[in-house]
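Here's the structure we're looking at; comments come further down.
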Amino acid sequence: MERDEEPGLEVGPQPVQSVTDAGMEVTADPECLFCRIVSGQVPATIERSTPVAVVFRDVRPVAPTHLLVIPRVHRRDLSDLVARSPGLVGELVATADMAASAAGLTGYRMVVNNGASAGQTVFHVHLHVLGGRPMTWPPG
Ligand code: AMP
């Protein structure tokens, strides 16, 4: 028996570990503005960073505190996130709540514009966290 044929002796390339949504999948769209914020290619005022999410200040705030909470993984909108990464939904909401507390908000409004008809303009899913002023209802 040749040395390389010994039972139990593995030779050659080992499998590359694949990482999924359940862990720390890193898939990015190079054309996506928010993916470029995640990667650091576009500057932003980062308030919180976790293995799965990034929180940063909205560049055109509509309230004294206006945070955006995004998954690191590229998902086009909330429907895409729910369909492909349902486990991240609660994680993002919890991250938003912690970021609001850390920003000193005792109350806040959380908004997701899901799709162009709802007002979405950046197609990497994000939660808006708005606070620091009284909110009115209904929203526009
Ligand atoms: P939406 O209209 O719900 O898609 O929200 C997109 C948000 O992204 C808007 O509130 C914008 O002001 C914000 N935004 C766009 N570009 C940037 C940027 N480079 N840094 C931070 N916020 C941004």
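None of the figures in this text is laboratory data; all of them are computed from the coordinates on show. The structure presented is a predicted model; accordingly, all values stated were derived computationally and were not measured. No Cβ is skipped: glycine too gets one built from the backbone with ideal geometry, and neighbour counts run over all protein chains shown.
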* Which numbered condition trips up Phe123, out of (1) in contact (Cβ under 8 Å) with a residue 60 or more places away in the chain; (2) more than 10 Å from the ligand (Cβ to nearest atom); (3) within 22 Å of Thr27 (Cα to Cα)? -> (2)
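Quick one: is Ala63 surrounded by 17 or more Cβ atoms within 10 Å (Cβ to Cβ), in a helix (DSSP H, G or I) and of a type outside the set (Asp, Glu)?
Numbers: surrounded by 17 or more Cβ atoms within 10 Å (Cβ to Cβ): yes; in a helix (DSSP H, G or I): no; of a type outside the set (Asp, Glu): yes.
In short, no.
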* To do: Please identify the pairs in which a residue from region 93-117 that is hydroxyl-bearing (Ser, Thr, Tyr) has its Cβ atom under 6 Å from the Cβ atom of a residue that is part of a helix (DSSP H, G or I), counting only partners at least 6 apart or on another chain.
  => Tyr108/Ala100
* Asked: Restricting region 38-65 to residues that are touching a helix residue (DSSP H, G or I) at 6+ places or on another chain (Cβ under 7 Å) and among the β-branched types (Val, Ile, Thr), which is nearest to the ligand (Cβ to nearest atom)?
  -> Val42
